[in-house]
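A.B. asks: Quick one: structure below, then a few questions.
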Amino acid sequence: MLFTECTLEDLDKRLKLKSLSPNKMSVLQTWLNGTSEISEYEQKYLLTLQGYLQDNVLGWNEQELAMHFIGPVFALVQFNYDHKFNLFAERSFSGVVEGIEMSGRPDGMIATGYREPDKPYFCFQEYKKEKDPNGDPAAQALAAMLVAQEVNEHQFPIYGCYVVGRYWYFMALQGKEYGISDGYAATKNEIYDILRILKVLKQMLIERVK
């Protein structure tokens, strides 16, 4: 099964998954409510990116959204940590989840490794259209997270995110339970929450690989 073919309904039925409201999933809440300082430089840079997004979000295609906004936001966090984990893009990734072979190329993943990904901890999908995007970005991210959970032998929660236009949705998977946050609008002050949440993710991953 390809990640691009997945829907949340199909994954729920096939794998007997349970979707929790975000306020009832503790690992997701811990992540979303974590604290991290945002410097004056980061605030100014985010405002520059936000203005660019506000002017172009309805016209950009996926590659342009990734190049002009999503990539710079991730670069600000600097997920390449001490050669222990890194941010990778469009890397082939596969595994078996309860007898079902699943594979794909997530738009992004944070995984152990320096030049090649090893064990993924975070999976990312991005879409340009705010209405009727092609496919199911939440399901594609979740499918990659399920494979990552198998690779990690269910030792840790797996995190994820997908972006639809201006909206960022954060996800967590633990066992057969997963949660998806409400959307954070990058065209509003929630852009600071988006950066804070990503910085908290980096800190959690640093603790994991120590």
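The values are calculated or read from the model by the stated rules, or taken from the named source; none is laboratory data. None of these values were measured; they are calculated from a predicted model. As a convention, Cβ positions derive from the backbone with ideal geometry for all residues, glycine included, and neighbour counts pool all protein chains shown.
A.B. asks: Among the residues that make up segment 188-209, is at least one of them out of contact with any helix residue (DSSP H, G or I) (no Cβ under 6 Å at 6 or more places or on another chain), in a helix (DSSP H, G or I), closer than 21 Å to residue 91 by Cβ and at pLDDT below 95?
C.D. replies: Yes: segment 188-209 contains one or more residues that are out of contact with any helix residue (DSSP H, G or I) (no Cβ under 6 Å at 6 or more places or on another chain), in a helix (DSSP H, G or I), closer than 21 Å to residue 91 by Cβ and at pLDDT below 95.
A.B. asks: Same structure, new question: Considering only segment 1-42, state which residues are of a type in the set (A, V, I, L, M, F, W, C) and assigned to a helix (DSSP H, G or I).
C.D. replies: Residues satisfying the conditions are 3, 8, 11, 15, 27, 28, 31, 32.
A.B. asks: Which residues, counting only those in segment 65-104, are touching a residue at least 60 places away in the same chain (Cβ under 8 Å), charged (D, E, K, R) and out of contact with any helix residue (DSSP H, G or I) (no Cβ under 8 Å at 6 or more places or on another chain)?
C.D. replies: 101
A.B. asks: Moving on to the next point. List the pairs whose first member sits in segment 186-203 and is touching a residue at least 24 places away in the same chain (Cβ under 8 Å), whose second member is part of a loop (DSSP other than H, G, I, E, B) and surrounded by fewer than 17 Cβ atoms within 10 Å (Cβ to Cβ), and whose Cβ atoms are under 7 Å apart, counting only residues at least 6 apart or on separate chains?
C.D. replies: Filtered contacts from segment 186-203: 192/38; 195/38; 196/36; 196/38; 199/36; 200/34; 200/36; 203/36.
A.B. asks: Within segment 125-134, does at least one residue satisfy the condition of being over 14 Å from residue 3 (Cα atoms), in contact (Cβ under 8 Å) with a residue 12 or more places away in the chain, in a strand (DSSP E or B) and within 14 Å of the chain's Cα centre (by Cα)?
C.D. replies: Checked against the condition, which is being over 14 Å from residue 3 (Cα atoms), in contact (Cβ under 8 Å) with a residue 12 or more places away in the chain, in a strand (DSSP E or B) and within 14 Å of the chain's Cα centre (by Cα), segment 125-134 yields at least one hit.
Listed here are the residues, each with its yes/no results for (1) of a type in the set (Ser, Thr, Tyr); (2) under 19 Å from the mean Cα position of the chain (by Cα); (3) crowded, with 19+ Cβ neighbours inside 10 Å.
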| position | (1), (2), (3) |
| --- | --- |
| 40 | no, no, no |
| 43 | no, no, no |
| 52 | yes, no, no |
| 56 | no, no, no |
| 76 | no, yes, no |
| 90 | no, yes, no |
| 93 | no, yes, yes |
| 96 | no, no, no |
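A.B. asks: Which residue is farthest from residue 3 (Cα to Cα), if the candidates are limited to segment 158-178 and must be surrounded by fewer than 23 Cβ atoms within 10 Å (Cβ to Cβ), under 13 Å from the mean Cα position of the chain (by Cα) and modelled with pLDDT of 95 or more? Even if it seems obvious, please write down each step before you answer.
C.D. replies: Quick first cut of segment 158-178, residues surrounded by fewer than 23 Cβ atoms within 10 Å (Cβ to Cβ) only: 164-167, 169, 174-177.
Filter once more, keeping what is under 13 Å from the mean Cα position of the chain (by Cα): 164, 167, 169.
Next cut, modelled with pLDDT of 95 or more only: 167, 169.
On the way: 167: 21, 169: 18 Å.
Out of the qualifying residues, it is 167.
A.B. asks: Are any residues in segment 21-37 in contact with a helix residue (DSSP H, G or I) (Cβ under 8 Å, 6 or more places away or on another chain) and surrounded by 16 or more Cβ atoms within 10 Å (Cβ to Cβ), and if so, which ones?
C.D. replies: 22, 28, 31, 32
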